[in-house]
Each structure stands twice: as structure tokens, then as C-alpha cells.
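The structure appears right after this line, and notes come after that.
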Amino acid sequence: MARYLITSALPYINGVKHLGNLAGSMLPADVYARFQRLCGHDVLYICATDEHGTPAELAAAAAGVDVKSYCNREHEIQRATGEGFALSYDHFGRTSGAPNHRLTQHFAAVLEDRGLIEERADEQVYSIDDARFLPDRYVEGTCPHCDFERARGDQCDNCGRLLEPTDLKEPYSKISGSKNLEVRETRHLYLLQTKMEPKLRDWVNAAADHWPSLAVSIANKWLDEGLRDRSITRDLAWGVPVARDGKVRAGFENKVFYVWFDAPIGYIGATEEWALAHDGDWESWWRTDKGADDVTYIQFMGKDNVAFHTVSFPATILGSEEPWKTVDRLKAFNWLNWYGGKFSTSEKRGVFMDTALELLPADYWRWYLIANAPEGSDTQFTWEHFQGVVNKDLADVLGNFINRILRFNKSRFDGVVPEGGEPGEHEAWLAREVDERLAAIAQNYEAMRFRQAAAETRALWAAGNEYLTRAEPWTHFKTDRDKAAVGVRTALNLAVLMGIAAQPIIPHTAAKILSCLGVPDGNRRWPSEPAVDLLDVLPKGLAVSPPDVLFAKIDDDQVAEWTARFGGEGS
């Protein structure tokens, strides 16, 4: 039994996440975790809300509540939304929790002792009209490299260059739009990433074989352009205090650690929260001197987070020179775009997770987002494409097979698994097809090729419909009941395999199928036997029943309504 530590990029606290966030991190991590659990492995899937930084302060002020109360409320909303999408976190923690505060302060102290943190006088943008220093992301302006007019003070989303707020041309405050800015001196702690560059490059090169090309290219881009020493503190009130041994650092009473320093450490902090809640041992997952050397650690994230997980967080972990577990495999995703543009939380553009669940059950969305995962390139969401995929794959292929065979069995064989008949050429063909498809699905999951895993899952469903066309149990029932019986019995067993294979992506529907077929929870593991045996395991005489319609088709009126409500072509 292998051990898998799985983390997905932490959703920020400022509102419910959109489908792009779900597609590029949380959902594929969940699918992978579910698959490995089905294979009998020991899995710990950890996520948390990322709660510090200026956006949380501003959102709380806009809501008329203090920041802690705001984060408490939003954490619960995000936890419930994840539950609605059947995200099977072992723990959904918080970066504002005590374990993350302690660990962040610990890493800062150790790094400073190693000569990798120093205090510097810094020049930072101050907004006179807002009466505050502006964090990097809250200074916007024109990129000095590509002239993109909405570049942020830390990075240009157009050309991908790392920036400092003072690099921007025509800068303005994102909070108020004011251009009444000036540069003032303040003091901050800097992580000396430049000292870590050779070690980081060696580490990236060693890991490259286990990362997709997207992640490797982004990491090397940062390294080739030359790392910068990065400030890890900010002039804010909400966050992890800049303290050591319980004592706030002199001159840093009104400062906190920068969210991008403490947020990745939150993976470890959330694991400690899990351990406290479940009487577990978090160190055996994170400390190689405490047993984590046998753990495979896998991170899932969108491409905008890659640099922080391949450079900044590793600089913290490796720079500590302590025996912490580093990531083994990193799965990065491109964007799921909204009609050619980006989903946007701040601009409320696109469909958000809570609203999506009001429109349709979670499995509709889960299937679509995995079947169209933005792996090789950006992908585009449109209502018409969503409609087509759901209707064809879920309703016409899977739903049609389950409905046809279980209803025929009820009407002709009294709703029990029939006896009689011997397998023949059609069953032999199906066994070969099932063996091939199940092996391909598993191989693609292991390789974290989610679109292809979904395609092979659909191919297994399609094989079921093809088998019914070949076996024709409804035709044989009139002339050869035994021949019809073997066809129905084989198809019912195939429905079990379809349900088992569907569990990682559409768990609610899979559970409904398996329950209708009388499959106990303990028998829903990933199959390891040859299909010739698997296609005859249901006990003869077992009562089975057809489910209600598994998937209702999306009609054109719904598409028109959603387009008018949320936007899209023709709206």
C-alpha cells in the first residue's frame, strides 16, 4: 500500500470560487485522490482557505464586519461549497489557524539563522488618498516590458514577467483608482532567494521528469531570468505576526508575514489541524525523519501558482535545511476560459461554484470539467459546448445504457439477475474491450492525464451500448431465453464495472448505479481481476432495480436562460 499526500492550491477567502478555479486545482486533485483510494492506497488530501492579505481586509470592510468574522463566514461557505461538489478533502483547514502561525514563524526563524533572511529598508508605494501602503497586487499600471495596461505590481498577467510596484508606468491604486501615490521608506524582511538559486535549479532539474512540461518551463523561466530576493512581510494588520519565540520583532509591530510566504506553509499547518482533529500523526506525512520518506507528495494548481510552488515555497523548505518533504509530482493546469476571456472572481465574470449547484447537480459539472480539463492548452467554456458534452456523454451514453438494461431486466426477468446461458463470442469481445479500457483508465490516472482518463471512461460506457447492439437480448428473449439471459446478466455485471470506473469523476451517480445493482460498499474497489471473471460476479437471483433518470438532458431553453443570466455569445 502506497502513501499519497495530495494538496490542491488554496482557494483565497474573498468569495466563492468560480469554475475555472475548480477545474484547475481542486477537482482534479479530488479525482486523483478518489482513484488512489479505490486502489487501496493510503491517501491524505489536504486543502485550506488562504485567509491573509489585503483582499480579505478590504472585503471585510465592504461587508461591514471585522476580518476574523468575515474569514469565519467565508471559510464555512467555501467548505460547504466544496462538500456540494463532493470534494473529498480529508481536511479543509485555514491558514489563519494556530498551526500555520507557529510554522510560519518557525520557518522564518530558521531561515534567518541560516543567513537567508535579512531586514532591509525598502521603498514601497503609499496611497495618500487610501492612507495606506499598497501591497504589490494593489498597485496596477502599465507593464514596462509589454505595455499591458493592467499589469499588477507583482506580475504581469500578459507577459508573465515578475515585477515590483515601482517598475510600473502610470501606477494607480486598485483600491480607489487614485494616482496620488508616492514611494515611502519602510522596513521589511527579505528572503534571499538569490543565495538559493543553484540549489533550486538542481532541485527543479531532478524533479523535471515527474512534472508536466508546463510546470518545468515556468520554473526554468523564473530561474533563467534570475531570481530576486523577495520581501516576506507587509504593512498590514491581518496575518501572521512577525514574531519569534512569542515576541514581536522590534519595529514590526504593525506588520505581518506576506501571504505568499505563509500560504504554502499552510499545507503543513492544515495537516497538523487534521492530526489534531483525527488523532493522527502529521509529522509522518511531512518530516522525512519521522516516516515521510515513503510518501509521494503531489501538488495540483493552475499555471499562475507554479512559480510560487517551484521556487518560493521550495526556497523556504530547502533553505531551512530541515528534513521536510518536498513535492514529488506537480500537476499544473492552463486556464479554463469564459468565452475567450478569463473567469474573474473580482469582476464576477463567469459561473461560480455555488451558483453552478443551483443550476444542475455536481456530477454534471464534474464530468464536463474533467473531460475538458485545460491540460495541454487553455480551454473555452461555452454553454453550448457544456450542453453538448452533458447530453451526449452522460445522458446518451451512460444514462441510456443503465436505463435500457435495468428496465429490460425488470420487465422480462422480474428485476433479478437471470440464470441460464453460456458466454459466447460477444461476451469474449466485451471482456477484451473491458480489460483494455480499465487498464487505459488506470494508466491515465496514474499519469495524471485527466482528459484521457475521462475519454477512456466514456469509451467503456460506449462499449456497453455496442455490446447490447451485438448481443440483442430483447430479440433473443422471444426465441432463446437462455441466450437473452446471458446477455442481460453480462450487461448487468458490466454496469457494475461502469459504476466503479465512474466513481472518481461522478461519485454521486456512480453510487446510485452501484446501489441499484446491490453492490456493497466493500466491493466497490478498483478491479484487479480479468474482465472474463468480472462479467459474472453478481449472484444469480439478486434483486436489482432501475434508478430514476440519471441525467436529464439540457435543452435549448435552459441554455438561452443561462446565457441571458450569466453572459456568453449572443447575450
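Test ALA560 against the stated conditions and say whether it is of a type in the set (A, V, I, L, M, F, W, C) and open to solvent by 70 Å² or more (accessible area, probe 1.4 Å). Before you say what the answer is, go through the steps one by one.
On the way: of a type in the set (A, V, I, L, M, F, W, C): yes; open to solvent by 70 Å² or more (accessible area, probe 1.4 Å): no.
No: the conditions fail for ALA560.
Inspect all residues belonging to the range 482-493 and state whether any of them is crowded, with 16+ Cβ neighbours inside 10 Å and part of a loop (DSSP other than H, G, I, E, B). Checking the range 482-493: not a single residue is crowded, with 16+ Cβ neighbours inside 10 Å and part of a loop (DSSP other than H, G, I, E, B). Close contacts from the range 61-87, counting a first residue that is farther than 20 Å from TYR45 by Cβ and a second that is among the basic types (Lys, Arg) and assigned to a helix (DSSP H, G or I), with Cβ to Cβ under 9 Å and a gap of 6+ residues or different chains, come to ALA63/ARG73; VAL65/ARG73. The residues of the range 102-115 that are surrounded by fewer than 22 Cβ atoms within 10 Å (Cβ to Cβ), within 15 Å of PHE257 (Cβ to Cβ) and not polar (S, T, N, Q), listed by number, are ARG102, LEU103, HIS106, ALA109, VAL110, GLU112. Among the residues of the range 116-132, those that are surrounded by fewer than 17 Cβ atoms within 10 Å (Cβ to Cβ), without any contact (Cβ under 8 Å) to a residue 60 or more places away in the chain and of a type in the set (A, V, I, L, M, F, W, C) comprise ILE128, ALA131.
Note on the range 531-571: among residues that are in a loop (DSSP other than H, G, I, E, B) and β-branched (Val, Ile, Thr), the one that is nearest to the chain's Cα centre (by Cα) is ILE554. Can you confirm whether the range 209-232 contains a residue that is surrounded by 20 or more Cβ atoms within 10 Å (Cβ to Cβ), at pLDDT 95 or above and within 29 Å of the chain's Cα centre (by Cα)? Yes, because at least one residue in the range 209-232 is surrounded by 20 or more Cβ atoms within 10 Å (Cβ to Cβ), at pLDDT 95 or above and within 29 Å of the chain's Cα centre (by Cα).
Restricting the first member to the range 476-501 and to residues that are farther than 12 Å from HIS426 by Cα, and the second to residues that are open to solvent by 10 Å² or more (accessible area, probe 1.4 Å) and of a type in the set (Val, Ile, Thr), the beta-carbon pairs closer than 7 Å and six or more apart or on different chains are LEU492/VAL544; ASN493/VAL537; VAL496/VAL519.
Of all residues in the range 281-303, those satisfying the criterion of being part of a helix (DSSP H, G or I), closer than 17 Å to PRO314 by Cα and not charged (D, E, K, R) are TRP285, TRP286, THR288, ALA292.
Out of LYS392, LYS410, one residue alone is within 30 Å of ARG37 (Cα to Cα) and either open to solvent by 70 Å² or more (accessible area, probe 1.4 Å) or in a loop (DSSP other than H, G, I, E, B) (or both). It is LYS392. Of SER312, SER377, all but one fail to be polar (S, T, N, Q), farther than 23 Å from GLY15 by Cβ, at pLDDT below 95 and in contact with a Lys or Arg (Cβ under 8 Å, 6 or more places away or on another chain); the exception is SER312.
Selection of the range 59-90 for residues being out of contact with any Lys or Arg (no Cβ under 9 Å at 6 or more places or on another chain), open to solvent by 50 Å² or more (accessible area, probe 1.4 Å) and among the hydrophobic types (A, V, I, L, M, F, W, C) yields ALA61, ALA62, ILE77. Quick one: is LYS169 in contact (Cβ under 8 Å) with a residue 12 or more places away in the chain and basic (Lys, Arg)? Criteria met by LYS169. Look at the range 200-225: where a residue is more than 22 Å from CYS159 (Cα to Cα) and part of a helix (DSSP H, G or I) and a partner is open to solvent by 40 Å² or more (accessible area, probe 1.4 Å) and acidic (Asp, Glu), sitting 6+ places away or on another chain with Cβ atoms under 8 Å, you get ALA207/ASP328; HIS210/ASP328.
Does the range 159-172 contain any residue that is part of a loop (DSSP other than H, G, I, E, B), open to solvent by 50 Å² or more (accessible area, probe 1.4 Å), modelled with pLDDT under 90 and not charged (D, E, K, R)? Don't jump to the end; show me each part of the working.
First, pick out the residues of the range 159-172 that are part of a loop (DSSP other than H, G, I, E, B): 159-161, 163-164, 168.
Cutting the leftovers down to open to solvent by 50 Å² or more (accessible area, probe 1.4 Å) gives us 161, 164.
Checking the rest, the ones that are also modelled with pLDDT under 90 come to 161, 164.
Then keep just the ones that are not charged (D, E, K, R); that gives none.
Scanning the range 159-172, I find no residue that is part of a loop (DSSP other than H, G, I, E, B), open to solvent by 50 Å² or more (accessible area, probe 1.4 Å), modelled with pLDDT under 90 and not charged (D, E, K, R), so the answer is no.
Looking at the range 314-336, can you tell me whether even one residue there is outside any strand (DSSP E or B), over 29 Å from HIS41 (Cα atoms), among the β-branched types (Val, Ile, Thr) and under 21 Å from the mean Cα position of the chain (by Cα)? The answer is no, given that none of the residues of the range 314-336 is outside any strand (DSSP E or B), over 29 Å from HIS41 (Cα atoms), among the β-branched types (Val, Ile, Thr) and under 21 Å from the mean Cα position of the chain (by Cα). Screening ALA356 against (1) in a helix (DSSP H, G or I); (2) within 17 Å of ALA9 (Cβ to Cβ) leaves a single unmet condition, (2).
Taken over the range 10-57, the criterion of being closer than 22 Å to GLY350 by Cα and open to solvent by 40 Å² or more (accessible area, probe 1.4 Å) is satisfied by TYR12, ASN14, ASN21.
The values are calculated or read from the model by the stated rules, or taken from the named source; none is laboratory data. Here the structure is a predicted model, which is why all the values come from computation and not from measurement. We place every Cβ from the backbone using ideal geometry, glycine too, and count neighbours over all the protein chains shown. Just the protein is used for accessible areas: all its heavy atoms, side chains included, with ligands, DNA and RNA removed. Shrake-Rupley method; radii C 1.70, N 1.55, O 1.52, S 1.80 Å.
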